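**Q** Below is a structure I'd like to ask you about.
The values are calculated or read from the model by the stated rules, or taken from the named source; none is laboratory data. This structure is a prediction, so every number in the text was calculated from the model and none was measured. We place every Cβ from the backbone using ideal geometry, glycine too, and count neighbours over all the protein chains shown. Surface accessibility is based on the protein's heavy atoms, side chains included, excluding ligands, DNA and RNA. Shrake-Rupley method; radii C 1.70, N 1.55, O 1.52, S 1.80 Å.
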Amino acid sequence: MNKLDDFQVVDRTTWQAIEPHTIFTKQQLEKLAQTFPMFDPTEIKVIYQPLMALLELKLAIQSKQMQQFSTWYPKINAQPFVIGIAGSVAVGKSTMAALLAAALKITFPNLQTELVSTDSFLYNNAYLDQNDLMQAKGFPISYDTASFIAFLKAFKQRQTNLKIPIYSHQKYDILTNQQQLVNNADILIVEGINALQRVSKDEMPVDLMDYKIYIDADEKIIEKWFLERFERLVKEATPNTYYYQFQADLNVGRSLAKNTWHSINGVNLHRYIGPSKINANLILIKGPNHHLEAVAFKKY
């Protein structure tokens, strides 16, 4: 069975015809494009206005359900809405998640939105070294899934001042002296390569998500984006960061990046990340330049 048999695929034109109640103004689109220069105002409008329409509907359905539950269980508080965003390394998850958070604030100005990365729940490099897992960094075994689930449950229960680790791409490790403070909010966006994975029969983080998005693209395009991102991180690196070592000889870094893709990230994509798209409600299919080409809706 084709992995998209459970989805209805529509083209870019059909997708952008979906309109939400709240339409982005020209000024709002231009401001978003300034903050996220990867996308121009037109591309932001094409991708995010229809997505806002879907999320408006999902949020309304959840609100109605909670109102019904409250008639039977008055002590139940309205649960926050959790959005999961997954996809390959370098496919643009972090940028699209941050842009989604900004778009949500425009569409729902009275709702508070928080954004976290599943990278926060990676084991630190010392643990990975001790357990011979550095070559499996990013694979399910390299994540503290139990802590990730505990965090999501606490957030869904509207606990406040939740503290989670911070992962630094420049340090290539969990920061030892910093934490992200996550407060009670109405919407939580969780982005990461493992956000939608189900790798065991036990409860998984995806079970606690209300709407799930997978960002997809041709593998050759993603590999190109990964290599370009590597070079950008090298150029931006400062002393005492992981990528700084490659500034002396970028060709050595390029060779390492290509090997990393084919021996780790590509394997991870085929074995764990790609198969998780079946758990998505929506697949955004991107082409070169990160432009949206098509969208796949879960049929049921």
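**Q** Take the residues in region 100-111 that are in contact with a helix residue (DSSP H, G or I) (Cβ under 9 Å, 6 or more places away or on another chain) and part of a loop (DSSP other than H, G, I, E, B); name whichever of them is most open to solvent (accessible area, probe 1.4 Å). Break it down stepwise before answering.
**A** Our first condition is that a residue be in contact with a helix residue (DSSP H, G or I) (Cβ under 9 Å, 6 or more places away or on another chain); within region 100-111, this holds for 100, 102-104, 106-108, 111.
Narrowing the set further to residues that are part of a loop (DSSP other than H, G, I, E, B) leaves 108, 111.
Details: F108: 34, L111: 55 Å².
Checked region 100-111; the qualifying residue most open to solvent (accessible area, probe 1.4 Å) is L111.
Residue by residue, here is whether (1) loosely packed, with under 12 Cβ neighbours inside 10 Å; (2) hydrophobic (A, V, I, L, M, F, W, C); (3) not in a helix (DSSP H, G or I) holds:
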{"residue": "I18", "(1), (2), (3)": "no, yes, yes"}
{"residue": "T22", "(1), (2), (3)": "no, no, yes"}
{"residue": "Q34", "(1), (2), (3)": "yes, no, no"}
{"residue": "F39", "(1), (2), (3)": "no, yes, yes"}
{"residue": "I44", "(1), (2), (3)": "no, yes, no"}
{"residue": "A53", "(1), (2), (3)": "no, yes, no"}
{"residue": "E56", "(1), (2), (3)": "no, no, no"}
{"residue": "A60", "(1), (2), (3)": "yes, yes, no"}
{"residue": "K64", "(1), (2), (3)": "yes, no, no"}
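**Q** Now, a different point. Would a scan of region 72-89 turn up a residue that is at pLDDT 95 or above and assigned to a helix (DSSP H, G or I)?
**A** No, because not a single residue in region 72-89 is at pLDDT 95 or above and assigned to a helix (DSSP H, G or I).
**Q** Pairs only if they're at least six apart or on different chains, beta carbon under 6 angstrom, first in region 278-300 and among the aromatic types (F, W, Y), second open to solvent by 20 Å² or more (accessible area, probe 1.4 Å) and at pLDDT 95 or above; list them, first residue then second.
**A** As it stands, the answer is F297/Q8, since those pairs meet every condition given.
**Q** Let me ask you something else. Kindly provide the set of residues from region 170-193 that are in a loop (DSSP other than H, G, I, E, B) and surrounded by 14 or more Cβ atoms within 10 Å (Cβ to Cβ), ordered by number.
**A** Of everything in region 170-193, those that are in a loop (DSSP other than H, G, I, E, B) and surrounded by 14 or more Cβ atoms within 10 Å (Cβ to Cβ) turn out to be Q170, K171, N184, A185, D186, G192, I193.
**Q** Kindly indicate whether any position in region 149-167 is under 16 Å from the mean Cα position of the chain (by Cα), of a type in the set (S, T, Y) and closer than 26 Å to K277 by Cβ.
**A** Within region 149-167, one or more residues are under 16 Å from the mean Cα position of the chain (by Cα), of a type in the set (S, T, Y) and closer than 26 Å to K277 by Cβ.
**Q** Pairs please, first residue from region 7-25 and farther than 28 Å from P109 by Cα, second anywhere and open to solvent by 80 Å² or more (accessible area, probe 1.4 Å) and assigned to a strand (DSSP E or B), Cβ atoms under 9 Å, 6+ apart in sequence or on different chains.
**A** D11/E293
**Q** What pairs can you find where one residue is in region 29-51 and farther than 11 Å from A103 by Cα and acidic (D, E), the other is open to solvent by less than 10 Å² (accessible area, probe 1.4 Å) and at pLDDT 95 or above, and their Cβ atoms are less than 9 Å apart, with a gap of 6+ or different chains?
**A** Close Cβ pairs satisfying both conditions: E43/L292.
**Q** Same structure again: How many residues are hydrophobic (A, V, I, L, M, F, W, C), open to solvent by 40 Å² or more (accessible area, probe 1.4 Å) and part of a helix (DSSP H, G or I) when one looks only at region 268-300?
**A** Summing the residues that are hydrophobic (A, V, I, L, M, F, W, C), open to solvent by 40 Å² or more (accessible area, probe 1.4 Å) and part of a helix (DSSP H, G or I) in region 268-300 gives 1.
**Q** Name the residues in region 217-259 that are without any contact (Cβ under 8 Å) to a residue 24 or more places away in the chain and open to solvent by less than 30 Å² (accessible area, probe 1.4 Å), would you?
**A** The answer is V234, F246, G253.
**Q** Given the options S200, S263, name the one that is at pLDDT below 95, over 20 Å from the mean Cα position of the chain (by Cα), closer than 24 Å to Y167 by Cβ and not in a strand (DSSP E or B).
**A** S200
**Q** On to the next question. Looking at (1) more than 29 Å from H291 (Cα to Cα); (2) open to solvent by less than 20 Å² (accessible area, probe 1.4 Å); (3) modelled with pLDDT under 95; (4) in contact with a helix residue (DSSP H, G or I) (Cβ under 6 Å, 6 or more places away or on another chain), which is the only condition F121 fails?
**A** Looking at each condition in turn, F121 falls short on (3).
**Q** For region 19-41, which positions are β-branched (V, I, T) and within 23 Å of the chain's Cα centre (by Cα)?
**A** T35
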